[in-house]
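Inspection log for the structure reproduced underneath, given as structure tokens.
The values are calculated or read from the model by the stated rules, or taken from the named source; none is laboratory data. Only a predicted model underlies this, so the values are computations on that prediction, with no experimental measurement involved. Virtual Cβ from ideal backbone geometry, glycine too; neighbours counted across all protein chains shown.
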Amino acid sequence: MTSVAISPNMQTFASSSLDDTIKVWNLTTGEELFAMTGHTRGINAIAISPDSRTLVSGSDDYTIKVWNFHNGALLGTLLGHTRDVNAIAISRDGKIFASGGEDRTIRLWSGATGALLKTLSGVAGMIKAIAISRDSKLLVSGGLDNKIKLWSLQTGEQLQTLVGHLNSVNTLTFTPDGQFVISGSKDKSIRIWNTRTGELVRILADHMRDVNTVAILPNGRIIISGSSDTTIKFWDMTTGKVLMTWVDHSDTVNSIAISPDAKLLVSGSSDKTVRIWQLPPL
């Protein structure tokens, strides 16, 4: 399982895999509802629109596909990337979605029409991760050059370059207030950055292998991470201390998603399972 995403209406969630399929599941019962097929190679990233109507996927077949999230129908295939598409993010207002890939470009697409709006270049390494701030003003990207770049989503202007990771940047997310970016890396660390100044605020280190996925609770106080060391860890955003560690997967944790009400967490792993967890009050 390469990526998981929970629908904003909290009724369903989706998982993608290297077997070229996307599966949609009932979030309450865990029942598989249907599968989406159409990609010809492994799927690296998925994202669900704010209205829970569409899902966007990026694949090693160089394409982005847009799907009807209610019935699995393919709505369109977007071409432009010339290498694997590794990352997808949708703005909270649904107007723009972004894709990043091994062709070292970030592409911005219209959420309404699927038209290509802008291509952001000037990235030295392949893109592994992108995220969009909750206010839909900032985009952050990271990849194999170990650097993180902050962009204006409106203009495409590059605002900051954040330097500090010692290996590739695998995952990125914004805090709910947009004041900080959280990054996870192959260097085993999680870093917290100030989006306004570009300053490194804190380094979180306890994972034994690559950090592949990070998320933050809606309260902005707790970071959750998944790693190639098979664990999921909970961190205090302010102190950087580990609050708890979940050890249940038997292989790499590739992706985690948190329900909007912060009651459930979904994790996807290379052990070929997706797990639904009840989150304790935090």
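Tallying residues that are modelled with pLDDT under 95 and in contact with a strand residue (DSSP E or B) (Cβ under 6 Å, 6 or more places away or on another chain) within the range 248-282 yields 1. Could you please let me know if residue 193 is among the aromatic types (Phe, Trp, Tyr), within 28 Å of residue 229 (Cα to Cα) and part of a strand (DSSP E or B)? When the stated conditions are applied, residue 193 passes them.
Every residue in the range 63-95 that is of a type outside the set (Gly, Ala, Ser), crowded, with 18+ Cβ neighbours inside 10 Å and touching a residue at least 40 places away in the same chain (Cβ under 8 Å), please.
Our first condition is that a residue be of a type outside the set (Gly, Ala, Ser); within the range 63-95, this holds for 63-71, 74-75, 77-79, 81-86, 88, 90, 92-93, 95.
Next cut, crowded, with 18+ Cβ neighbours inside 10 Å only: 63-67, 69, 78, 81, 84-86, 88, 90.
Passing the criteria: 64, 66, 67, 69, 84, 85, 86, 88, 90.
Of a type outside the set (S, T, N, Q) and more than 20 Å from residue 193 (Cα to Cα): does that describe residue 108? Here the answer is yes, as residue 108 does meet what is asked. Would you point out the residue of the range 252-275, among those that are within 21 Å of residue 229 (Cβ to Cβ) and in contact with a Leu (Cβ under 8 Å, 6 or more places away or on another chain), that is surrounded by the fewest Cβ atoms within 10 Å (Cβ to Cβ)? Once the filter is applied, the top-ranked residue is 258.
For the range 234-251, residues that are free of Cβ contacts under 8 Å to residues at least 60 places away in the same chain, closer than 17 Å to residue 219 by Cα and surrounded by 19 or more Cβ atoms within 10 Å (Cβ to Cβ) total 2.
Across the range 171-190, which residue is farthest from the chain's Cα centre (by Cα) among those that are closer than 12 Å to residue 140 by Cβ and part of a loop (DSSP other than H, G, I, E, B)?
Only one residue fits best here, namely 178.
Restricting 222, 216, 203 to residues that are hydrophobic (A, V, I, L, M, F, W, C), within 17 Å of residue 147 (Cβ to Cβ) and surrounded by fewer than 23 Cβ atoms within 10 Å (Cβ to Cβ) narrows the list to 203. Can we say residue 41 is basic (Lys, Arg) and either at pLDDT below 95 or farther than 21 Å from residue 115 by Cα (or both)? When the stated conditions are applied, residue 41 passes them.
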